[in-house]
Ligand SMILES: [Zn+2]
C-alpha cells in the first residue's frame, strides 16, 4: 500500500546520467505540469535484473510536492526488475503454472505467486491503459486477438504496444515491452492501487521517453 509518508513516483528513463542531465536542465515534469528540480536522493536499494539504485528525488516548483524518480526498468516496491516480472507474466499467459515459472526464473514460489495474483487484479486496468496507448501510437491498429483470460489479453497488449511504439517513435526501440508497461502504469503494474484514474495517460512516454 502506498503509505502516507511515501513520496509519489514519477517514471523516468533507465539511463541515470541522462535522467540527471534532464533533471538539472529542467526537462522533467511533475504530473501537475510544473518543472521538477533536484531534491536529494531516496534510500539505496538493490533491484534484481537491474542492479544497485539510489533513486533521485525531485521537487516540483509549482505544487511543491516531492517525488521519487523511478526508472522504467523497476516496479514500485518490488525487488525484481520489470523484465524479470514480465518474463513471469508472459510464461503465465502461455499457460505455465507458478511453480514452473519460479523454477525457470530461480525465484521463490511464494514471490512468483504474489506477482501473478497482483497482476491478475490489475490486468484489466493495465490492458485498458495499454489499449488506449496503442490507439494513440497506431490509430490503424486493429483489435487485438482475444485470449483465454485477462492476464493473457494484457500481456498481448504489452507486446502490441511495444511494437507500435517502435514503429512510431523509433527511439523507444531501446525500451523493452515491460519498461513501456511500467511507464504506462506509473510503475504500479503489481501495486494494490493501479487505477486508470490515477495515471496521467496524456503523456504516457513523457518523462520516460
Ligand atoms: Zn507539481
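Read-outs: derived from the displayed coordinates by stated rules, not from any lab. Since the structure is predicted, the reported quantities are computational estimates derived from the model, not experimental observations. A quick note on method: Cβ atoms are made from the backbone with ideal geometry, for glycine too, and the neighbour counts reach across all protein chains shown.
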For residue 77 and residue 136 in one chain, what is 0.36 nm times their gap in residues minus the Cα-Cα distance, to one decimal in nm? 18.3 nm
Starting from a Cα-only point model with no solvent, please compute log10 I(q)/I(0) by Debye for the stretch 45-91 at q = 0.13, 0.18 1/Å. -0.37, -0.60
Semi-axes, largest first, in whole Å: what does sqrt of 5 times each Cα gyration tensor eigenvalue give for the stretch 1-76? 19, 15, 10
Considering only the chain, percent of DSSP beta bridges that pair antiparallel, nearest 5: 70 percent
Expressed in nanometres to one decimal, the distance between label points 7 Å along Cα→Cβ at residue 163 and residue 99 is 3.4 nm
Over the Cα atoms of the stretch 93-161 the radius of gyration and the largest Cα-Cα distance (Dmax), both in Å, equal 13.7, 42
Which whole-angstrom value gives the distance between the alpha carbon centres of the stretch 7-66 and the stretch 97-153? 27 Å
Simple spin-label estimate for residue 113/residue 32, 7 Å along Cα→Cβ, in nm, reads 4.3 nm
Taking only the alpha-carbon positions of the stretch 65-123 and ignoring solvent, what does the Debye formula give for the base-10 log of I(q)/I(0) at q = 0.15 Å⁻¹? -0.44
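Please report, largest first and rounded to whole Å, the three semi-axes of the ellipsoid equivalent to the stretch 141-180, where each semi-axis is the square root of five times an eigenvalue of the C-alpha gyration tensor.
Values: eigenvalues 89, 27, 3 Å².
Ellipsoid half-lengths, sorted descending, are 21, 12, 4 Å.
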Can you give me the distance in nm between label points at residue 65 and residue 25, each placed 7 Å from the Cα along the Cα-to-Cβ direction? 2.6 nm
What does the highest-first list of 84-97, 152-165, 46-59 look like by mean Cβ count within 10 Å? 152-165, 84-97, 46-59
Spherically averaged projected area of the stretch 36-187 from its Cα convex hull (nm²): 10.2 nm²
Calculate, in nm to one decimal, what residue 39 and residue 150 gain on full extension: separation in residues at 0.36 nm each, minus their alpha carbon distance. 36.0 nm
Taking the chain as the reference, fit the longest principal axis to its C-alpha atoms, fit the long axis of helix 109-137 to the helix C-alpha atoms, and give the angle between the two in degrees, 0 to 90, nearest 10. 70 degrees
